[in-house]
Every structure is written in C-alpha cells, then in structure tokens.
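One structure is given here, and the rest of the page talks about it.
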Amino acid sequence: MLELIDLEYFYGNFKAIESFSAKISVGDFIILLGPNGAGKTTLLKSLAGVYDDYNGKIILNNTNMVSDSINYKKQIGFVADEPMVIEYLSGRQFLNFIADMYEVPENKRKKLINYYIKAFNLDDCIDNLIVSYSHGNRQKISLIAAFIHEPKLLLIDEPFIGLDPLAINTLMEVLVKLNESGTTIILSSHILSIVDKIGNKIIFVNKGKFKLEHHTHDYKKIEKKYEEYLNV
C-alpha cells in the first residue's frame, strides 16, 4: 500500500501541492488528470523521491521515503516527462546498466529486454547509441528502463507525448499487463480520450488540489467532472 499523509510541497511561497492524504491499494491503476501546471509532475517527483523536501509523509509498504529512501526507491519505477537516458550508451547497454542497478538476474533481464524490444519495435536501433534516437525511441527506452525490474509502484509522467499511435497502443497493453500482475501504477495525462480507456481510479488535479475518485470509463461523465473541477 502507498500512503500519503498531509503531503504538501512549496516552491518558495507558492504552494504546489495543497495538503493531500490518500491510501492507494496494491494493484490500483490511478490516472492523474489535470491541465499543465496543475501539480501532477510535482506530485510524481515527490513520490519518486526526486523531491524530498516536502511536508508530510510518503510510505510505501511500510517504508518511509525520507528515512529509508534506498529501500523505498528499490520498489519503484519512474518515467519523467522528458526521457532520462545516457546518450553515449546503446539502448541495450543502458537497459543492462539499469538492470545492474536493480540487481535483476541475467537470465531474467535478457528475457525481459528482448520482450520489450520486440513489443516497442526497437530491433533496428537497440544497439545504436541513444544519442542517435528520435524522441519517441528515447521515450520507449525510458519506459522499458522503468519496467525492467518489475517495480511494485510505477510512476509515469505524460508518457504518451512523442509516441506514435502504434506505440501508444503497445504502451497501454503493457501497462494493463503489469497492473494485472500486481504493479500499482500512477500515470499523469491530460488526454481524456486515452485515459478514458485505462485505470480504475482518477485523481483530478487543479491548482495544487487533488481529488481521488473511482474511474467510471464513461467519457462524457469524466469530461463533465473534469470541467467542473477546473472551475472550482
């Protein structure tokens, strides 16, 4: 379980996250839905440990993010809104480097890397330096790097930007499979037509305020609630 207790975050005097508490169960697939600048990225970076100067507590499976950050971070995968890669490694070298960090066994990593290379159509470039990759292929490598150690909590910030339609469908299928295998997922987006199809809960986000609700998978109802929350 992921527990947020009175979480707040400030940029100077600006409050980016209003006091927010929530209990997120194992296997939840949560969509963070809100406009640019609403607080989605700040929340995800706090949950990922990129920001640790927040007020309140973040606890994952009884592990406190601040007091036991290494064991906390071993349990998570994080995909930022911009691909985080090492440009002068090949895609395969980079994925093996990440697998080394998380101590993924050799036979298991090989199987997973090969599976994701095929799923995301990276066969032709996987052994080329990442510096030569398109934005979309860098995004795919960043995603695979977050999947490779099969995290208990997966945090993904605007993953669909820069991906072609086929890659978007593949990503949605992969996320559903990971979630069905027990991975808790929190994914941010502002693309209603995509988030309507995935997830079991939604956190509506606006001006640093967060509201957790069950996902209805009814596009018109979600759109209406989204518009109402933006006008609060």
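The values are calculated or read from the model by the stated rules, or taken from the named source; none is laboratory data. Here the structure is a predicted model, which means the values were calculated and not measured. Note that we place each Cβ from the backbone using ideal geometry, even for glycine, and neighbour counts take in every protein chain shown.
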Of Tyr88, Tyr72, which residue is in a helix (DSSP H, G or I), in contact with a strand residue (DSSP E or B) (Cβ under 8 Å, 6 or more places away or on another chain), of a type in the set (Ser, Thr, Tyr) and in contact (Cβ under 8 Å) with a residue 12 or more places away in the chain? Tyr72
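Every residue, every condition in (1) among the polar types (S, T, N, Q); (2) more than 17 Å from Val174 (Cβ to Cβ); (3) out of contact with any Phe, Trp or Tyr (no Cβ under 6 Å at 6 or more places or on another chain), yes or no:
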position	(1), (2), (3)
Asn96	yes, yes, yes
Met101	no, yes, yes
Pro105	no, yes, yes
Tyr115	no, no, yes
Phe120	no, no, yes
Asp124	no, yes, yes
Tyr133	no, yes, yes
Which condition breaks for Thr41 when tested against (1) in contact (Cβ under 8 Å) with a residue 40 or more places away in the chain; (2) assigned by TED's automatic domain parsing to the domain that holds Val195; (3) not in a helix (DSSP H, G or I)? (3)
Can you tell me which residue is farthest from Tyr102 (Cα to Cα) among those in segment 126-172 that are without any contact (Cβ under 8 Å) to a residue 12 or more places away in the chain and assigned to a helix (DSSP H, G or I)? Pro165
Scanning segment 44-55 residue by residue, those in a loop (DSSP other than H, G, I, E, B) and not charged (D, E, K, R) turn out to be Gly49, Val50, Tyr51, Tyr54
Please verify whether segment 33-42 includes one or more residues that are farther than 25 Å from Ser181 by Cβ, within 18 Å of the chain's Cα centre (by Cα) and among the β-branched types (Val, Ile, Thr). yes
Based on this model, can you work out whether Val79 counts as within 24 Å of Leu175 (Cβ to Cβ), touching a residue at least 24 places away in the same chain (Cβ under 8 Å), loosely packed, with under 14 Cβ neighbours inside 10 Å and β-branched (Val, Ile, Thr)? no
Which members of segment 94-125 meet the condition of being within 24 Å of Ile161 (Cα to Cα), part of a loop (DSSP other than H, G, I, E, B) and not acidic (Asp, Glu)? Phe120, Asn121, Leu122, Cys125
Across segment 1-40, what is the number of residues that are within 26 Å of Gln75 (Cβ to Cβ), surrounded by fewer than 22 Cβ atoms within 10 Å (Cβ to Cβ) and of a type in the set (Lys, Arg)? 1
Limited to segment 184-225, what total is found for residues that are within 15 Å of the chain's Cα centre (by Cα), crowded, with 20+ Cβ neighbours inside 10 Å and either assigned to a loop (DSSP other than H, G, I, E, B) or polar (S, T, N, Q) (or both)? 4
